[in-house]
1. If all Cα-Cα distances of the chain are sorted into 10 Å bins from 0 onward, what percent lands in each bin, rounded to whole numbers?
2. For segment 348-399, list log₁₀ I(q)/I(0) at each q in 0.15, 0.20 Å⁻¹, using the Debye formula over Cα point scatterers of equal strength and ignoring solvent, two decimals each.
3. Straight-line reach from Lys257: which aspartates and glutamates have a Cα under 13 Å away, not including same-chain ones fewer than 8 places off?
4. Let me understand segment 181-339 better: what is its radius of gyration from the alpha carbons, and its Dmax, in angstrom?
5. Looking at the chain, what % of its DSSP beta bridges pair antiparallel, to the nearest 5?
6. In this model, which of Lys91/Lys330; Lys289/Lys324; Lys118/Lys289; Lys150/Lys289; Lys118/Lys426; Lys210/Lys426 are farther than 26 Å apart at the alpha-carbon?
7. List the trypsin sites (Lys or Arg not before Pro) within segment 232-266 that fall in a DSSP loop (any state other than H, G, I, E or B) and whose Cβ has at most 14 other Cβ atoms within 10 Å.
8. Net charge near Phe253: determine it from the other residues with C-beta under 11 Å of the C-beta of Phe253, scoring Lys and Arg +1 and Asp and Glu -1.
Amino acid sequence: MNDSHSDAARWPRRTVLTTGLAGAAATVLPGCSPGSASRGTTGGQELSVLLLGPSDQTVRFFTETVIPRFADDTGITVSLQQSDWGSGFQKVLTAAASGTLTDLLMLGGIWTAPLAAKQALLPLDELLGDYGDLDAFYPAMLEDCRYDGKTYGLPLYSDTRTALYRKSHLEQAGLDPDRLPKSWDDYAEAARRLGADGPADFPVDWSQDKSVGLQQTFAQLFLQAGGSYYDDAGRATFASDAGVRALEFMISFYADKLASPDLVNTGSGASPFTRGRSSMIFSGLSAIKNARDNLAEAVDDIVVGTPLSADPSGRPVTSAWINKIGISAKTKNRDGAWRLLQFLVSADIAVTFDEQYGGLPARTDLAEAGYLKDLSPNLVRAAESIVPQPPHPNMLTIAPQITTHLQQAIRLSGTPKEILTALDAKLNEINGV
């Protein structure tokens, strides 16, 4: 394997991340829903905000710190609403259609295009011209806030993925935890070594779960291979050379019994990676949090590598699921909403949201924030290798379709070219092209 810096450090057992990642459910406060947005009676000097999946700690921070500070600065009062992530998108759609959407709202990773296409979000480009903090964000995370040439939000935090390994497994197979894979060839060689001499049931876990984990992993391979989801006419191109190469690489592990379609993260309890049933995975804070929550002794056994490149001299690429804050297209106080958005993503406020949501910063000036001091630098640096998935209004429908076809592939039910050609046809049907 190629050399990797020795800062592929372990995540220590003690960590200050105290809450779940985006996607975890939160209790909805009684009487609070996006459909009951307050509009105020003082010339629009009241704003409402929808947070998704906040912990009790985050609610206290918002109500006891954010709201009073913003009111002191601007004279504008703010009301908080919350929802769980699972039902959040449908609630937002319903509120947008009825004109009762909150002034500001949190946006999930692939929500921007679907909501922007329905004119639910306010384009921010006119406002961004005088925004002094724009250069503070990772460029790829800003790009993830755009659709059809317009910007519809600002990033708050991310779940950035890279390659994670079990240190004891590497050592048992005679692999050096300080010399981790950098390319596909390295990764495959490590898997073969672990398959022969490692303790796991299957060396590689491709993040198969009951949702779209498999699609999210394949997205990284596809982007690493230089793939693009669509051509200039909007037609799906998963069956391109890059797509076939990425899928051939993924299913080679299943064909060689180095991965198993029966290795599934059920979403409750310790994951297969946490339990040591696998040795390698493309993941991020979610995998480490799962270990911390369910099997604390596994945390010290996790080492963080760097994003892979398809070729030894290629560009490292990863993907991220970036949660953002946007403004409703129907807000009655655009200028106040813009001031509040800037306040929420400012460094001194965003750092607390980032920590409490258990995410990595979207701002480069928070890369050395105190709550990150016990993390491997590789996990934070992975943000420099992000290539966003292309935005599409139908992405919430598209992602499950990709997963369905990948399920066929990992069960070796057809060739990669056949499966991806069928996928392209299905996506073109969904997209009407």
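Just so you know, all these numbers are worked out from the coordinates, no wet-lab data involved. Not measured: the values here are computed from a predicted model. Backbone-built Cβ (ideal geometry, glycine too); neighbour counts: all protein chains shown.
1. Bins of 10 Å from zero give 4, 22, 31, 25, 14, 4, 0, 0 percent of pairs.
2. -0.54, -0.76
3. List returned: Asp201, Asp205.
4. 18.7, 64
5. Details: 25 of 40 bridges.
About 60 percent, rounded to the nearest 5.
6. Long pairs (Cα-Cα over 26 Å): Lys118/Lys289; Lys150/Lys289.
7. Hits after loop and neighbour filter: Arg235, Lys257.
8. Values: positive: Arg192, Lys257; negative: Asp205, Glu248, Asp256.
Local charge sum for Phe253: -1.
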